[in-house]
Structure formats: structure tokens, C-alpha cells
Amino acid sequence: MPPEPPNQPAGRSSVVRRTPFPASVTRPLVSPIHPSAVYIARDAAEMNRVYEGAEAGFTYAREGNPNAEQLATKIARLEGAEAGLITCSGMSAVSAILLGLLKAGDTIVAGNQLYGRTLRLMSQELPRLGFATDLMDASDPAAVVAAIRPSTRMVIVEVVSNPLLRVADIDALARVSRDRAVLLAVDNTFPTPLAFRPLEHGADIVFHSVTKLLAGHSDVTLGAVCCSNELHTPIRDAIVTWGLNGSPFDCWLAERGMNTLELRVARSNANAAALADFLATQRGVRQVIYPGRADHPDHAVARRLLGNQFGNMVAFELDGGRDVVDRFMRSLTYIPFAPTLGDVSTIVSHPAVTSHRGLTPAAREQLGIREGTIRVSVGIEDAAILCDEFREAIAKSLV
Ligand SMILES: *Cc1c(COP(=O)(O)O)cnc(C)c1O
């Protein structure tokens, strides 16, 4: 590192000049935040060595910064990946993968139950740019095989879909993708790498909305991509060139949040399983959707892929229409209705009004999303208190 210049002489000359960092033989326990947009080299030769990769270092924050690199390393190690990258949102993680790896003429096969914005990217943005996308049911490997054509470059799926929590058989999808020399990119946001590591099951790329469970406190918007060193280079170039990098402060918050990831995932998974079983006993609840329950259509695949960690997401259907749902939401005094998931606290959402509002009622009905369908992102509260709150709100919604 170039040495700090000494303090300015006393007087006005020190107003604009930066004050040197105090000498210290100790170093901070906690990762420092590096908001600097740019890095200083001793001379052109040193800067050149850093740009060439001959020496470790940073140049300009869009090209990489210490907080993003620390967070990327942390997530890549959890995913068992050679390399990790941070982007400014989950959506920019998908964008970086596509921008870095697609070339003119390539087509994509993608799940038809992807996260709403990802689906919009597939069905509106990519076709606008000349990339055709074939959408299919990702929980049906035969449908994926049928959709792959000679121009297919990539298959994009989520391990667990929203809000019906359909589970894609990543083992089977990895086999068919490898056979056809197609890249398999997997959104692992819902399970987190603590429950499932797609690369170990043959996927080529894993991506995350770090905004959700990884960061865990609803105070950052970030994404992550994990892959091999070979794929890392073009995806990194796309991030740097298209300007998809994450802010150092967000990265710092996410790294801090991740220190408690294991505790949060264990607690929220246990709470979700308890809440799902509880909801199934309540009058006025027509259906409960949770991959950990034997009545879920993908329970066997979920058990094989996720072990006993079926996730913190639960969906259920109230008997009735929008009026019942609205009474239920208003009766949940301490549980907010908000369009996100993975927070420390429990949050409910209404897919027909939020994530799936772009679909016609008939298209929603065909997927199994109705006016009474409510999605719950279960937090780390006391499970008994949580069940009491739901009991009370469901009872009030029925009158
Ligand atoms: C939220 C989410 C995204 C998009 O992430 P942002 O950080 O909001 O851009 C992608 N996939 C899934 C499964 C998500 O839940």
C-alpha cells in the first residue's frame, strides 16, 4: 500500500487534504467499510500491475471493492463455488449472467413460475433484445428436455418457486443440461446454501437475491453470482461494463447480517413447519402449501434435495375473496403486509396483488394462485406467539 502522506502543517492547508489514518499496530475486529470510489497507487507502474492482475489491489470501486469481495467470498464458500460476485440487486445478478454469457442467436429455457421480475425479463426484455425464451414447468424435467433446442444456451430455474413452493429437481435438470451442453443457472434465494448447494448437484451457476434471507434484515438490496473461475471472467466483465456493482455499505450490512444466517434459517424453518401444521387445523383455511408437508406435490423431491430444511416460506388459501383477505391483513396487528421475504420478522404478502399482478385472473387460477392465497415469509419470532396472531386474524377475517 502506498504510505499515507504526513499531516499538513498547522493552518488552512489541512482543510481540503485528507487527514492521515491514525497509526495502529492493532487492527479492527469488524470489517471496515470502504466507501472509497477510487484507490491510490504509488505510480503508474504499480497501478498497471493492479490492472493487469499481477498484484492484488483495487483501482475503481465499480471494478471491485473490498466489501463486495469479502461478501462474495463468504457466499461463494457457502455455495462451494470457486468464485463469487456481488451485484446491486438480485435482478442485476440475473442480468449479469445473461449479459456476460449470451451472444446473438442464443435462446433460453426458463421456468414459468420464476420470480415476477425475472419472468418479465424473460418474457418482455429478452425478446425485445432478440433473445427468445421458452417457458416451461421447471418441476417437470421432461418438459425442460422437450423445450431445449439447438440454439438453447442456458436453462434458468429456481429451486423453490414463489408462492406455490414447487421444487425443481435440480439433479435431473443438471443431467439433461449437461447432456445437451447447456448451462444450468439456478436461483437459490429461497433455500439458501445452508439447505441446498446447487453446484454440488451439477448446476453451473447459482445466483441469489441477497436482499432476502442472506442479508436478512430488509435494509439492503444486493445480488450474488457463484460459479467456476472460467465463467467468473465474462460475468465479472458484464458487471463492471454494464455497471451492476453493489455499494460497499450494502455489502458491509449484508456481511454483518450473514453472521447470524445459520441461526435465522434454523429458527425460521422450524417456525414455518410449525405454522404450516397449525394453519392446516384452522377453520376458514382451505389449503396449506409447504414442501415439508406430505400433501405437497413435490414433497418427495424436496425431501431428497433439501433434507429436513424445507424453508421459511409458507402459503395458504383463505376460504373467500379479497374482502376476507383484507379483513385478515387488517387484523394482523404486528405482522406487516409487504412485498418481500426473508426478513427477521414474519411478513405476509398477497401474490394476486403483488408478485403476480401482471397475470390475468385466469392465468393465476391455472397456476393455482387465487384471491384467497396468502404468502407468509416466516421470521424468527416465538412460534407460539406467531400461531396465536394467525389464529386471531383468521377468526376475525371470517366474521
Ligand atoms: C427478490 C427475488 C429476486 C430479485 O431480487 P432483488 O434483490 O429484489 O432484485 C430474484 N429471485 C427471487 C427468488 C427473489 O425472491
Inset, instruction - Looking at (1) open to solvent by 40 Å² or more (accessible area, probe 1.4 Å); (2) touching a Leu at 6+ places or on another chain (Cβ under 8 Å); (3) under 26 Å from N245 (Cβ atoms), find the lone condition where L183 falls short. - result: (1)
Inset, instruction - Check Q282, Q287 and return the single one that is in a loop (DSSP other than H, G, I, E, B) and surrounded by 16 or more Cβ atoms within 10 Å (Cβ to Cβ). - result: Q282
Legend entry - Total residues in the range 54-113, condition hydroxyl-bearing (S, T, Y) and over 14 Å from the mean Cα position of the chain (by Cα): 4
Inset, instruction - Pairs only if they're at least six apart or on different chains, beta carbon under 9 angstrom, first in the range 112-132 and over 16 Å from V159 (Cα atoms) and assigned by TED's automatic domain parsing to the domain that holds D187, second open to solvent by 90 Å² or more (accessible area, probe 1.4 Å) and modelled with pLDDT of 95 or more; list them, first residue then second. - result: G130/A104; F131/A104
Inset, instruction - Examine the range 256-271 for a residue that is closer than 25 Å to S95 by Cα and crowded, with 16+ Cβ neighbours inside 10 Å, and state whether such a residue exists. - result: yes
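When the range 205-222 is examined, which residues are found to be assigned to a loop (DSSP other than H, G, I, E, B) and more than 8 Å from the ligand (Cβ to nearest atom)?
Residues satisfying the conditions are L213, L214, A215, G216, H217, S218, D219, V220.
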Inset, instruction - Collect the residues in the range 174-197 that are among the charged types (D, E, K, R), touching a Phe, Trp or Tyr at 6+ places or on another chain (Cβ under 9 Å) and not in a strand (DSSP E or B), keeping them in residue-number order. - result: none
Legend entry - Residue list for the range 111-124, filter: of a type outside the set (S, T, Y) and either touching a helix residue (DSSP H, G or I) at 6+ places or on another chain (Cβ under 6 Å) or not in a strand (DSSP E or B) (or both): N112, Q113, L114, G116, R117, L119, R120, L121, M122, Q124
Legend entry - In the range 56-115, residue nearest to the ligand (Cβ to nearest atom) [restricted to those that are of a type in the set (D, E, K, R) and open to solvent by less than 40 Å² (accessible area, probe 1.4 Å)]: E79
Legend entry - Test: residue in the range 183-192 that is on the phi < 0 side of the Ramachandran plot and touching a Cys at 6+ places or on another chain (Cβ under 7 Å): no
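Results for (1) within 16 Å of the ligand (Cβ to nearest atom); (2) part of a helix (DSSP H, G or I); (3) closer than 23 Å to Y39 by Cβ; (4) free of Cβ contacts under 8 Å to residues at least 12 places away in the same chain, shown as yes or no for each residue.
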residue	(1), (2), (3), (4)
A203	yes, no, no, no
I239	yes, yes, yes, no
A270	no, yes, no, no
A274	no, yes, no, no
Legend entry - Residue count, the range 125-173 (criterion: away from the ligand (no atom under 16 Å from the Cβ), in a helix (DSSP H, G or I) and open to solvent by 40 Å² or more (accessible area, probe 1.4 Å)): 5
Inset, instruction - Specify the residue that is least open to solvent (accessible area, probe 1.4 Å); the eligible residues are those in the range 309-333 that are over 25 Å from E365 (Cβ atoms) and in contact with a Pro (Cβ under 9 Å, 6 or more places away or on another chain). - result: F310
Inset, instruction - Scan the range 295-308 and report the pairs whose first residue is outside the structural domain of A168 (by TED's automatic domain parsing) and whose second residue is outside any loop (DSSP other than H, G, I, E, B) and open to solvent by less than 100 Å² (accessible area, probe 1.4 Å), with Cβ atoms within less than 6 Å and a gap of 6+ or a chain change. - result: D298/V167; V301/V167; A302/V167; L306/A195
Inset, instruction - Go through the range 351-387 residue by residue and tally those that are surrounded by fewer than 16 Cβ atoms within 10 Å (Cβ to Cβ), among the charged types (D, E, K, R) and within 17 Å of M329 (Cβ to Cβ). - result: 1
Legend entry - Residue that is assigned to a strand (DSSP E or B) and assigned by TED's automatic domain parsing to the domain that holds A274, where the choices are R375, R357: R375
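Taking the range 311-354 as the search range and keeping residues that are part of a loop (DSSP other than H, G, I, E, B) and charged (D, E, K, R), which one is nearest to the ligand (Cβ to nearest atom)?
By that ranking, first place goes to D343.
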Legend entry - Residue satisfying all of: in the range 17-53; exposed (fewer than 14 other Cβ atoms within 10 Å of the Cβ), among the small types (G, A, S) and over 33 Å from the mean Cα position of the chain (by Cα); farthest from P2 (Cα to Cα) among these: S24
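The values are calculated or read from the model by the stated rules, or taken from the named source; none is laboratory data. All figures in this text were calculated on a predicted structure; none of them were measured in a lab. So basically every Cβ, Gly included, is an ideal-geometry build from the backbone, and we count neighbours across all protein chains shown. Remember, those area values only see protein heavy atoms, side chains included, never the ligands or the DNA or RNA. Shrake-Rupley method; radii C 1.70, N 1.55, O 1.52, S 1.80 Å.
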